[in-house]
Amino acid sequence: MAEQGAESELGVTGRTRLRRMRHKGSHRRGDLDAVLGAGFLCHLGVVVDGAPMVVPTVYGVDGDRLYVHGSVASRSLVQAPDGVVCVSVTHVDGLVLARSVFEHGVNYRSAMIYGVPRLVTDPEEKLRGLKALTEQSAPGQWEYVRQPSRKELAATALVALDLAEASVKVASGPPDDGDGPDAEMGLWAGVLPVETRFGVPEADPLLPAGIEPPAHIAGRAGELLGRSPGR
């Protein structure tokens, strides 16, 4: 599949069709890229030994492919080579605190990707996928540290999933009861923002004195996590 432009629309399937709160949803590739680009941790839903399992794991994006790290996914592929998996990514931006419990909610950005995954076995592609995972979370780290050996590559499970079948939902803004009867109660209502930031780098206790964190690590102190460009 050729790489899609940011303004292109993803195909709608029975799994990605937006049924509830459709006004918050999107099938634009650009919106999907924004959600994926703002994080590096996903939840992978697979069936293992006949039972559903959802595991947190890291991911990386390379063009039209999502690479996911995890042996659980490889076990699932061995048992059901044509089985569909679901990958979800969510960023929580705030708690929406209304005048009534019924109107409470969460401001968030989320994406769900479905598809039949493929176990990556080609060494060159596996290197590209692992680089995507590394650079997704710590840009610049791949070139800074030692890269995987053949033995390490063979011991690493990596799964590829096309981004063709996906949907996005975004919720933002204040509570919806500001112009309703509950507004007359005189209660505070609004949004309690949720922010996650990188802290100051903490050195390995066994690190010799004088080795400082590289610029691509030190420069992230205080940086907001989960924010796509422009937010």
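Checking the structure you have, find out if any residue of region 87-100 is of a type in the set (Val, Ile, Thr), farther than 25 Å from Gly11 by Cα and either touching a helix residue (DSSP H, G or I) at 6+ places or on another chain (Cβ under 6 Å) or buried (at least 18 other Cβ atoms within 10 Å of the Cβ) (or both).
Yes, the conditions are met somewhere in region 87-100.
Looking at (1) modelled with pLDDT under 95; (2) surrounded by fewer than 18 Cβ atoms within 10 Å (Cβ to Cβ); (3) under 21 Å from Pro56 (Cα atoms), which is the one condition that is false for Phe198?
(1)
Go through Ala183, Ala203 for me and flag whichever is over 30 Å from Ser76 (Cβ atoms), out of contact with any strand residue (DSSP E or B) (no Cβ under 9 Å at 6 or more places or on another chain) and not in a loop (DSSP other than H, G, I, E, B).
None of the other options fit; the residue is Ala183.
List the pairs whose first member sits in region 16-31 and is farther than 12 Å from Ser110 by Cβ and polar (S, T, N, Q), whose second member is modelled with pLDDT of 75 or more and not in a strand (DSSP E or B), and whose Cβ atoms are under 9 Å apart, counting only residues at least 6 apart or on separate chains?
Close Cβ pairs satisfying both conditions: Thr16/Leu10; Thr16/His27.
Being of a type outside the set (A, V, I, L, M, F, W, C), part of a loop (DSSP other than H, G, I, E, B) and closer than 11 Å to Lys126 by Cβ is the filter here, so list the residues in region 149-164 that pass it.
Thr156, the sole residue that qualifies.
On the basis of being loosely packed, with under 14 Cβ neighbours inside 10 Å, part of a strand (DSSP E or B) and not aliphatic (A, V, I, L, M), does Pro52 make the cut?
In short, yes.
Which of (1) surrounded by 13 or more Cβ atoms within 10 Å (Cβ to Cβ); (2) of a type in the set (A, V, I, L, M, F, W, C); (3) at pLDDT below 95; (4) within 25 Å of Gly30 (Cβ to Cβ) is the odd one out, the single condition Ala183 does not satisfy?
Ala183 satisfies all of (1) surrounded by 13 or more Cβ atoms within 10 Å (Cβ to Cβ); (2) of a type in the set (A, V, I, L, M, F, W, C); (3) at pLDDT below 95; (4) within 25 Å of Gly30 (Cβ to Cβ) except (4).
Any idea which of (1) touching a His at 6+ places or on another chain (Cβ under 8 Å); (2) surrounded by 18 or more Cβ atoms within 10 Å (Cβ to Cβ); (3) more than 19 Å from Val61 (Cα to Cα); (4) not basic (Lys, Arg) is the one Asn107 doesn't satisfy?
All conditions are met except number (1).
Taking the options Lys131, Lys126, name whichever one is touching a residue at least 60 places away in the same chain (Cβ under 8 Å) and buried (at least 18 other Cβ atoms within 10 Å of the Cβ).
One residue alone meets the criteria, Lys131.
Select, from Leu158, Leu192, Leu163, the only residue that is loosely packed, with under 13 Cβ neighbours inside 10 Å, in contact (Cβ under 8 Å) with a residue 60 or more places away in the chain and of a type outside the set (D, E, K, R).
Leu192
State whether the residues of region 77-84 include one that is hydrophobic (A, V, I, L, M, F, W, C) and assigned to a helix (DSSP H, G or I).
Yes, because at least one residue in region 77-84 is hydrophobic (A, V, I, L, M, F, W, C) and assigned to a helix (DSSP H, G or I).
The values are calculated or read from the model by the stated rules, or taken from the named source; none is laboratory data. From a predicted model like this one, the values you see are computed outputs, not experimental measurements. Using ideal geometry, Cβ is built from the backbone for each residue, glycine included, and neighbour counts are taken over all protein chains shown.
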